[in-house]
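The values are calculated or read from the model by the stated rules, or taken from the named source; none is laboratory data. Fair warning: this is a prediction, and the values are worked out from it, not measured in the lab. For neighbour counting, all protein chains shown are included, and Cβ atoms are generated from backbone atoms with ideal geometry for every residue, glycine included.
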2 protein chains.
Amino acid sequence: MSGTSPTGDELVSLLAALASPHRLRILAAVARQRTYVSELARQLQMNRPLLYMHLQKLEAAGLVTGELVTAPDGSSVKYVQAVPFTVALDLDAIALAAQNLTGSGPGAEQEK
Amino acid sequence: MSGTSPTGDELVSLLAALASPHRLRILAAVARQRTYVSELARQLQMNRPLLYMHLQKLEAAGLVTGELVTAPDGSSVKYVQAVPFTVALDLDAIALAAQNLTGSGPGAEQEK
DNA sequence: GCCCCCTGTCAGGCAAGTCTGACAGGGGAG
DNA sequence: CTCCCCTGTCAGACTTGCCTGACAGGGGGC
């Protein structure tokens, strides 16, 4: 994904995924070190269900990947890892992205 | 603002302001041409009150500036203009921003 | 057996964002 | 006076997101 100019919808999803203090902190923690969910919850002092939700959003946006690892002793642990990316954000990028939003053509369609 | 690495909170606000198809379209339209509110509403085919709200958010985020111009004949028109900016978005920037979110220090505070 | 740690999902409550129609008012043109 | 265009703001409905406690289940160690 790095470097590719995303479509408008992708951009919106990406920004929405990042526009949250919790998710920013999660991403930062995960970028620094590969951890598993419960440990991450303890580290960031947040409820696991909440962390799960945020992780799902980050994963849906393609910003992190989860990997369920089953240790030789049978116990399972889910490791989370950050996915590198780069987006240059400025007026030009936005003007470009706004052109290909689903249903945005000048005379495209006015369905609501 | 261009080039300066924003604080965590500022980043979140900026991303939140941009994470909306409507606001993206507004910004794109305004970046291309300085227009006034009602004209913009017609151009984008959206209700004015709605446009007003989005403009307020964009203005609060410092992405656009409004200027109420009173023509010599007395009629007032509010012109909206885009504010140039640039933000490089990647894992490093996020890790950096996550460090200075209000209430995020490693052993800062655990008020809930 | 009991206790501990892990993963995952659920319903429910609360807060915030989104969108709409309607209103009040200023001013010009016919 | 009537019609039109403009700027603002409001309450209300609706949708979405956020967060919590509680649950079901797998597996290990004592």
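I want to confirm something. Restricting to region A:48-59 and keeping residues that are of a type in the set (A, V, I, L, M) and away from chain B (no Cβ under 14 Å), which single residue is nearest to DNA strand D (Cβ to nearest atom)? Don't jump to the end; show me each part of the working.
Going through region A:48-59, the residues of a type in the set (A, V, I, L, M) turn out to be A:50-51, A:53, A:55, A:58.
Add one more test, that the residue is away from chain B (no Cβ under 14 Å), and what stays is A:51, A:53, A:55.
On the way: A:Leu51: 8, A:Met53: 6, A:Leu55: 11 Å.
So, considering only residues that are of a type in the set (A, V, I, L, M) and away from chain B (no Cβ under 14 Å), the one nearest to DNA strand D (Cβ to nearest atom) is A:Met53.
Checked against (1) away from DNA strand D (no atom under 11 Å from the Cβ); (2) within 21 Å of B:Gly8 (Cβ to Cβ); (3) among the β-branched types (Val, Ile, Thr), A:Val37 passes all but a single condition, namely (2).
Just checking, which of A:Val30, A:Val64, A:Val77 is surrounded by fewer than 20 Cβ atoms within 10 Å (Cβ to Cβ) and either in contact with a Leu (Cβ under 9 Å, 6 or more places away or on another chain) or over 20 Å from B:Gln99 (Cβ atoms) (or both)? Walk me through it before giving the result.
Values: A:Val30 fails: surrounded by fewer than 20 Cβ atoms within 10 Å (Cβ to Cβ); A:Val64 fails: surrounded by fewer than 20 Cβ atoms within 10 Å (Cβ to Cβ).
Exactly one residue qualifies, and that residue is A:Val77.
Those residues that are polar (S, T, N, Q) and outside any loop (DSSP other than H, G, I, E, B), I need them from region B:56-76; list them, please. Explain how you work it out, then say what you get.
As a first pass, look at region B:56-76 and keep what is polar (S, T, N, Q): B:56, B:65, B:70, B:75-76.
Selection gives B:Gln56, B:Thr65, B:Thr70, B:Ser76.
Checked across region B:20-43, the condition of being touching a helix residue (DSSP H, G or I) at 6+ places or on another chain (Cβ under 9 Å), near DNA strand C (Cβ under 10 Å from one of its atoms) and within 8 Å of chain A (Cβ to nearest Cβ) holds for at least one residue.
Taking region B:79-95 as the search range and keeping residues that are part of a strand (DSSP E or B) and free of Cβ contacts under 8 Å to residues at least 60 places away in the same chain, which one is farthest from B:Glu67 (Cα to Cα)? Even if it seems obvious, please write down each step before you answer.
Here is the first cut: in region B:79-95, the ones part of a strand (DSSP E or B) are B:79-82, B:86-90.
Narrowing the set further to residues that are free of Cβ contacts under 8 Å to residues at least 60 places away in the same chain leaves B:79-82, B:88-90.
Details: B:Tyr79: 5, B:Val80: 6, B:Gln81: 8, B:Ala82: 11, B:Ala88: 29, B:Leu89: 30, B:Asp90: 34 Å.
It comes out as B:Asp90.
Tally up the residues in region A:71-92 that are β-branched (Val, Ile, Thr), over 15 Å from A:Ala17 (Cα atoms) and at the interface with chain B (Cβ under 8 Å from one of its Cβ atoms), please. Going through region A:71-92 one residue at a time, the tally reaches 0.
Yes or no, residue by residue, for (1) at pLDDT 95 or above; (2) touching a strand residue (DSSP E or B) at 6+ places or on another chain (Cβ under 8 Å); (3) over 17 Å from B:Ile26 (Cβ atoms):
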{"position": "A:Gln45", "(1), (2), (3)": "no, no, yes"}
{"position": "A:Met53", "(1), (2), (3)": "yes, no, yes"}
{"position": "A:Glu59", "(1), (2), (3)": "yes, yes, yes"}
{"position": "A:Ser76", "(1), (2), (3)": "no, yes, yes"}
{"position": "A:Ala88", "(1), (2), (3)": "no, yes, yes"}
{"position": "A:Leu96", "(1), (2), (3)": "no, no, no"}
